[in-house]
Structures are given as C-alpha cells and as structure tokens.
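Accompanying notes for the structure given below.
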Amino acid sequence: MSNPSLEPGTTGRLQIRKLPDGRVEARLWCRNTLGNYYKPKRKGKNDREAERLVRKAASDWMGTKRGSDTVKPTTRLSKLADIWLAEERLRGKLAKSSLDLYERQLDHSKDKRTRSDAIKIKPTIGKLTVRESDTARMNEYMVKLMEAGHTSKAAQHWAILSGMFDVARRHGAIDINPMDGTLKPDRKDEEPEALEHDVFDAFMKQVAAWCRGEAVPGTPGWRSGPKRDERIYWVVQLFLETGVRPGELLGFRIADAELDHEVPGIWVRGKLVDMGKGKGWRWQQGTKTGSKGVRRLGLAPKGVEAVRKLLAYKIKSDDDLIIPSPRGKGWNPNNFNEVWRAVRGDNFKDITPTQIRHRVGTDVRQALGIKEAAAQLGNSEVVAAKHYAARNRVVDNREALSRRSA
C-alpha cells in the first residue's frame with residue numbers, strides 16, 4: 001500500500017465510490033513525515049460528507065505520533081486493556097481488590113451464574129483501535145451507559161478507559177487522552193444517611209425467620225435440599241456489632257477473637273482474597289487501607305455472643321476462620337451475597353453492607369466523635385465523615401449560648 005509519488009507530510013489522490021445502500025465511500029492516500037503510508041476510508045451520506053470525514057481522518061493520522069513496539073495507533077482497545085491491567089499490577093499502587101473489580105469490567109466472566117448481557121468494555125468497544133477511539137466515540141459510549149442507568153458502572157469504565165489511554169499516550173500512540181473531554185459521572189455529594197435502628201431490629205426478626213426455613217417476602221420457604229445456613233443470623237449480628245468491610249468480616253480468624261479479656265474484642269488483621277483459579281479465597285494479612293486498617297474492636301455482649309455461637313459450629317478451615325463456607329473453605333463473597341439477597345427478600349433491599357457501616361459509623365460518631373468512628377471503620381476521618389458516619393443534624397446548644405443578665 002504505497003504511493004511513491006507522495007511527498008512526506010502530504011495527501012494524494014481521492015477515490016470516491018457509491019455503495020449499494022446509497023451511501024458514499026471515500027478513500028485518500030496520505031504519507032506522514034516519517035515516510036509511512038496510510039489509506040483511510042470513511043463513509044458518508046454524500047460526496048461532500050465522505051470527503052470531509054476521510055480528510056479529517058488523514059489529518060488526524062498525520063498529526064499523531066506513531067507509537068511504540070507495544071502500543072500503536074492501530075492497537076485495538078482489547079489489547080490496550082490487557083497492557084494497562086498488567087502495568088497497574090506491576091506498579092502496585094491500586095489495591096488487589098480494586099484491580100479485580102476493574103478486571104471484571106473488562107470482559108464477561110466464565111462463571112455461568114453471571115449475566116451474559118452485562119456491559120463490558122472488551123465485547124462492546126474492544127474492536128476499536130486507539131486511532132478510532134476519539135473523544136466523540138468515547139463520549140457516545142459514556143452517554144449510553146448513563147442513559148441506561150448504569151451510573152456506577154459508567155464511573156468505573158471512565159476510570160479504566162482513562163487509564164488505558166494514558167498508557168497509549170505514554171507509548172506515543174496519541175497526543176491527548178480522549179476521555180478528558182467526555183461526560184464523566186459526578187460523585188454524589190450527598191451526606192451519608194443511616195437507616196433507623198427499628199429497621200435493623202425488624203430485619204433481624206426476618207433473618208431469624210429465614211434461618212428457621214420460613215418464607216420471607218420475596219423468598220419462598222425451605223422445602224427440600226440443603227437446609228438453610230442458620231449461622232447467617234449470628235454473622236449479621238456480628239456485622240452490626242463491628243461495621244467492618246465484608247472481606248474483613250469473612251476473614252475473621254479464631255486467633256483474632258479475644259473474648260475472655262477484660263475488654264472483649266476481636267482483631268481486624270486481614271481479609272479474604274481471591275487467590276486465583278483452583279486456589280479459592282484465602283486469608284491474607286492487611287486491610288484495604290493497609291496497616292492503618294489493622295485494629296482491635298471492642299465487642300458488646302451481643303457481639304461476644306455472636307462470636308461464641310459461630311465458634312460453636314466448629315467448622316474447620318485452612319485458615320482457621322470463624323466464618324468459613326459450609327464446606328470449610330474461605331467463603332466466596334459472591335456466594336455469600338447470594339445468601340444475603342435471599343435473607344433480605346423484598347422488604348429490606350436497602351440494607352447493604354455499606355448501610356450497616358453507615359449505621360455503625362453514625363452511632364460511634366454521635367457517641368464519641370468522628371475520630372473514634374473512623375477508627376472503628378478503618379478509614380481516615382475525612383473518608384468516614386464524607387461517606388459513612390452521618391453527623392448529628394439536631395443541635396441543642398442552648399446552655400452554651402445562654403447569657404445571664406448582669
């Protein structure tokens with residue numbers, strides 16, 4: 001595909017032909033200053049539109065760098081995604097849980113239980129090349145995600161794509177990151193809200209009914225097959241007493257429990273991590289916030305009772321977990337979430353692990369202050385105040401502000 005008559009940095013002859021569907025296709029020879037040839041083709045409604053589009057494509061190509069041996073303008077986004085993920089793992093700045101979350105947004109899972117129609121980056125736009133992925137196309141993709149109501153997914157995809165194009169820019173395949181000009185989902189600036197205590201009281205009654213095999217709104221009663229895991233009642237109780245992250249909850253080990261001390265408590269020293277195919281979920285030292293998240297949480301009588309009840313089941317596991325799976329392995333959070341959704345039913349869909357952290361963080365903040373709430377949750381004070389622990393909006397400072405007459 002060469003045209004020796006072209007001087008570097010110029011375009012050559014324009015070819016226009018009509019297509020069977022009535023549209024027009026235009027092709028244009030061009031050669032950049034490095035001596036490389038390119039023959040872009042574009043389609044339009046008429047001659048003028050097709051020529052405009054193909055000349056723009058030629059101009060864009062001639063004005064960009066040629067990339068490296070790893071990433072070029074012709075590299076497809078599916079390959080660029082793999083390169084970005086590998087570089088992020090090598091850099092080690094993002095937590096493994098965050099990288100795993102991003103990786104799940106790249107392609108469909110092989111797990112048959114996952115939705116086959118879920119929107120993922122590779123199946124949707126993975127065939128586009130870096131050159132073709134301009135701001136207009138990426139903005140169209142973001143708009144479709146947000147119009148479909150996938151605000152959270154749109155935020156994740158924006159972060160992934162922005163990182164991918166940063167890789168392409170570092171390799172010299174593009175000059176600007178196209179995501180910089182796209183619509184970006186804004187983070188909600190709302191203050192955290194905690195459900196009332198009576199909601200959780202009613203929820204615990206439903207959890208107890210579910211454990212007994214009774215029907216709850218949205219979940220039929222148990223009739224046959226494996227019996228329901230009645231440990232769930234005590235798992236939820238321990239959750240409400242600590243407000244830890246789900247991975248930390250399922251990662252509590254027997255050695256972490258100190259129930260006979262003057263101040264009964266339990267240590268948060270690690271969490272469950274997916275070790276890969278065939279290895280399952282295993283306990284790993286460290287928390288989402290690193291060593292800052294390692295903490296000892298005092299347990300009230302209900303929390304102590306919950307731990308003792310869970311230990312009484314004596315289910316052995318490789319990591320001596322307090323809450324292993326029924327088979328004695330690390331409890332896959334995805335499987336645990338299935339049970340959680342069944343227990344919630346239709347009446348308590350608002351009760352999520354995040355909502356439990358809201359309730360716990362809010363209770364501690366109102367009683368002891370934001371510093372203690374942050375310590376309980378394993379977050380910084382800024383994060384705890386912004387996302388979890390609601391402030392007390394009822395202010396009664398009459399005594400402090402009252403003035404006595406002379």
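The values are calculated or read from the model by the stated rules, or taken from the named source; none is laboratory data. Please read these numbers as outputs of a predicted model, since none were measured by experiment. Note: ideal-geometry Cβ built from the backbone for every residue, glycine included; neighbour counts use all protein chains shown.
Structure data summary
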quantity: Filter result for ARG131 (under 22 Å from LYS72 (Cβ atoms), basic (Lys, Arg) and in a helix (DSSP H, G or I)); calculated: no
quantity: Qualifying positions in the range 380-406 - assigned to a helix (DSSP H, G or I) and more than 30 Å from LYS271 (Cα to Cα); calculated: ARG398, GLU399, ALA400, LEU401
quantity: Residue that is modelled with the lowest pLDDT, among those in the range 20-35 that are touching a Lys or Arg at 6+ places or on another chain (Cβ under 7 Å) and exposed (fewer than 15 other Cβ atoms within 10 Å of the Cβ); calculated: LEU34
quantity: Positions within the range 251-289 being more than 19 Å from VAL304 (Cβ to Cβ) and among the hydrophobic types (A, V, I, L, M, F, W, C), in sequence order; calculated: LEU272, VAL273, MET275, TRP281, TRP283
quantity: Test for ALA154: is it crowded, with 20+ Cβ neighbours inside 10 Å, within 22 Å of ASP69 (Cβ to Cβ) and in the same structural domain as ALA86 (by TED's automatic domain parsing); calculated: no
quantity: Residue identified as touching a Pro at 6+ places or on another chain (Cβ under 7 Å), surrounded by fewer than 21 Cβ atoms within 10 Å (Cβ to Cβ) and either closer than 26 Å to ALA373 by Cα or not aliphatic (A, V, I, L, M) (or both) among GLU262, GLU258; calculated: GLU258
quantity: Selection count where residues are touching a residue at least 40 places away in the same chain (Cβ under 8 Å) and either exposed (fewer than 15 other Cβ atoms within 10 Å of the Cβ) or in contact with a Gly (Cβ under 7 Å, 6 or more places away or on another chain) (or both), scope the range 272-306; calculated: 14
quantity: Per-region count, the range 337-379, residues of a type in the set (S, T, N, Q), part of a helix (DSSP H, G or I) and crowded, with 23+ Cβ neighbours inside 10 Å; calculated: 1
quantity: Yes/no for GLU230 being of a type in the set (D, E, K, R), under 20 Å from VAL339 (Cβ atoms) and in contact (Cβ under 8 Å) with a residue 60 or more places away in the chain; calculated: no
quantity: In the range 139-152, the residues that are part of a helix (DSSP H, G or I) and modelled with pLDDT under 90; calculated: THR151, SER152
quantity: Lone unmet requirement of (1) β-branched (Val, Ile, Thr); (2) surrounded by fewer than 12 Cβ atoms within 10 Å (Cβ to Cβ); (3) in the same structural domain as ASP274 (by TED's automatic domain parsing); (4) more than 24 Å from the chain's Cα centre (by Cα) for VAL382; calculated: (4)
quantity: Residue list for the range 55-87, filter: at pLDDT 90 or above, part of a helix (DSSP H, G or I) and not small (Gly, Ala, Ser); calculated: LEU77, LYS79, LEU80, ASP82, ILE83, TRP84, LEU85, GLU87
quantity: Hits in the range 307-317 - residues which are of a type outside the set (A, V, I, L, M), assigned to a loop (DSSP other than H, G, I, E, B) and surrounded by fewer than 16 Cβ atoms within 10 Å (Cβ to Cβ); calculated: TYR313, LYS314, LYS316
quantity: Condition broken by ASP198, with the remaining ones in (1) closer than 30 Å to ALA389 by Cβ; (2) among the charged types (D, E, K, R); (3) in a loop (DSSP other than H, G, I, E, B) satisfied; calculated: (3)
